[in-house]
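Here the structure comes first, spelled out in structure tokens, and everything after it is commentary.
The values are calculated or read from the model by the stated rules, or taken from the named source; none is laboratory data. Source: prediction; values computed, not measured. Here the Cβ positions follow ideal geometry from the backbone for every residue, glycine too, while neighbour counts run over all protein chains shown. With ligands, DNA and RNA removed, areas are computed over all heavy atoms of the protein, side chains included. Shrake-Rupley method; radii C 1.70, N 1.55, O 1.52, S 1.80 Å.
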Amino acid sequence: MKIDENLMDAQETQNKKIKMNPRKIIRTATRGVARYLTAGFNNKSGKGISNNDDIKTILICRPNHRLGNLLLLLPLIQELESTFPNSEIDLLVNQSCAIQLYKNYDTVKEVIELPRKPFRNPIKYIRTLLRLRSRKYDLAISAVEECFYGRVCTGISNAKIKFVGDMDSGVKERHIAKQVIYSLRFFLSNIGVKSNVSTPDSLDLRLSNDELIHGGNMVYNITQNGLPTICLYMHATCAKYPTEGWWLDLYEHLQKAFPDVNIIEVLPKENVSKFDLRAPALYSTDIREMAAIIASTDVFIGTDSGLMHLASSSLTPTIGLFSDTDTEKYKPYNEGSVAVKTNEVEIDELIVLVKNNLYPDLNTSL
């Protein structure tokens, strides 16, 4: 009984700390304000569009700094390029590596960056929003419907046509990168725009030939051969992801199943190996160089993370390992990619998935 009472007291103390955490209080308050503010922001149709060429300037609002979320904008950018081939696109994001990510998209003219921590940089935050408001756009888009800040920025923009979501396209699509595309198509068709009907494009970082050659050289320098290469990325912040022991077991299975295949580990920004560098490791602080390295491998196996989406955007077949995250919403979806729940798939089944990508002509089945 005494132990139970102590546990209850400890839990109560912990709950008080959580409730008194200033960051959590501020975060909850700002989200509440954002919900209140966005309640009044709706889609704005403006005047009817007689021709797709009437849309020349576009703003995409995604005030976020995370690598994965920024990469998931790539299909939307490609959609707009296809629908409005004579347009220019500005992106509103938080301070990040966005400028690097979109450097080979000629239609992206400017990346407008909000400070990542607005409460520490209120003047810069307000100046950026005022700068945004001063520009005129033909079309402004909130890239994610549930992103309150994206809706706010879209709502306050000086755009003739505004899309904040809330459109039932009739297409049952849960993937976060595709939802906005189908909803936007439905919205645009209602105002006279001829929209696409094809499947949304995959993530594509549009690595240049020089970047691909450089990445290939880096992989060759570490493998010293031209054999197929499996790339592992083991880093994750969630404690429920596979342990080091699980990764070591997978590594040993891969070595046994593919004796004539290279296995390399890509290290996170902390430059720390998850299993003591048992496999050759590569590391880069340049996000495009990292993508070029992965593009020079044949299969990427990694946890649900920004680097998983980077692998997908490098057009490398990607096996995404998920824990509690919604796989249908965040899975990699370029050709050859698949998402699996680590608590539902055995390592032998993963080996089959890898084999299907390395040797697709064998038609191996589970």
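Is there a residue being of a type in the set (K, R) and assigned to a loop (DSSP other than H, G, I, E, B) anywhere in the range 179-191? Working first, answer last.
So in the range 179-191, the residues of a type in the set (K, R) come out as 185.
Cutting the leftovers down to assigned to a loop (DSSP other than H, G, I, E, B) gives us none.
No; the residues of the range 179-191 include none that is of a type in the set (K, R) and assigned to a loop (DSSP other than H, G, I, E, B).
Condition check ((1) open to solvent by less than 30 Å² (accessible area, probe 1.4 Å); (2) part of a helix (DSSP H, G or I)) across all residues:
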site	(1), (2)
N217	no, yes
P268	yes, no
A279	yes, no
A291	yes, yes
M308	yes, yes
S312	yes, yes
Output for the range 138-164, where each listed residue is touching a residue at least 40 places away in the same chain (Cβ under 8 Å) and either at positive phi or open to solvent by 10 Å² or more (accessible area, probe 1.4 Å) (or both): D138, V144, C147, F148, Y149, R151, V152, G155, K160, K162
Cross-chain or 6+ apart pairs with Cβ under 6 Å, the range 168-191 first and open to solvent by 30 Å² or more (accessible area, probe 1.4 Å), then of a type in the set (K, R) and not in a loop (DSSP other than H, G, I, E, B): R174/K329
Within the range 234-265, considering residues that are touching a Phe, Trp or Tyr at 6+ places or on another chain (Cβ under 6 Å) and outside any loop (DSSP other than H, G, I, E, B), the one modelled with the lowest pLDDT: E244
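With respect to L250, determine if the residue is touching a residue at least 60 places away in the same chain (Cβ under 8 Å), touching a His at 6+ places or on another chain (Cβ under 9 Å) and either closer than 18 Å to I351 by Cα or surrounded by 20 or more Cβ atoms within 10 Å (Cβ to Cβ) (or both). Reasoning before the result, please.
On the way: touching a residue at least 60 places away in the same chain (Cβ under 8 Å): yes; touching a His at 6+ places or on another chain (Cβ under 9 Å): no; either closer than 18 Å to I351 by Cα or surrounded by 20 or more Cβ atoms within 10 Å (Cβ to Cβ) (or both): yes.
Spelling it out, it is not the case that L250 is touching a residue at least 60 places away in the same chain (Cβ under 8 Å), touching a His at 6+ places or on another chain (Cβ under 9 Å) and either closer than 18 Å to I351 by Cα or surrounded by 20 or more Cβ atoms within 10 Å (Cβ to Cβ) (or both).
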Identity of the residue in the range 71-101, touching a helix residue (DSSP H, G or I) at 6+ places or on another chain (Cβ under 8 Å), closer than 24 Å to R116 by Cα and without any contact (Cβ under 8 Å) to a residue 60 or more places away in the chain, that ends up most open to solvent (accessible area, probe 1.4 Å): S96
Test: residue in the range 111-123 that is part of a helix (DSSP H, G or I) and modelled with pLDDT under 95: yes
Pair list, Cβ < 9 Å and 6+ apart or interchain, from the range 207-236 residues that are farther than 23 Å from Q255 by Cα to residues that are open to solvent by 80 Å² or more (accessible area, probe 1.4 Å) and part of a loop (DSSP other than H, G, I, E, B): L207/L315
Residue that is farthest from D201 (Cα to Cα) [pool: residues in the range 100-128 that are among the aliphatic types (A, V, I, L, M) and touching an Asp or Glu at 6+ places or on another chain (Cβ under 8 Å)]: I112
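Conditions tested, residue by residue: (1) touching a helix residue (DSSP H, G or I) at 6+ places or on another chain (Cβ under 9 Å); (2) modelled with pLDDT under 95.
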| residue | (1), (2) |
| --- | --- |
| T318 | yes, no |
| G336 | yes, yes |
| E344 | no, yes |
| D361 | no, yes |
Top-ranked residue of the range 315-327 - restricted to ones that are among the hydroxyl-bearing types (S, T, Y) and open to solvent by 10 Å² or more (accessible area, probe 1.4 Å), ranked as farthest from K178 (Cα to Cα): S323
Residue satisfying all of: in the range 124-137; surrounded by 14 or more Cβ atoms within 10 Å (Cβ to Cβ) and of a type in the set (K, R); modelled with the lowest pLDDT among these: K124
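So, restricting to helices (runs of 4 or more DSSP H) that lie completely within the range 1-108, which ones have at least 1 residues that are at pLDDT 80 or above and in contact with a Leu (Cβ under 8 Å, 6 or more places away or on another chain)? First the steps, then the outcome.
On the way: elements: 2-20, 22-38, 67-71, 74-83, 98-101.
Where helices (runs of 4 or more DSSP H) fall fully within the range 1-108 and carry at least 1 residues being at pLDDT 80 or above and in contact with a Leu (Cβ under 8 Å, 6 or more places away or on another chain), they are 67-71, 74-83, 98-101.
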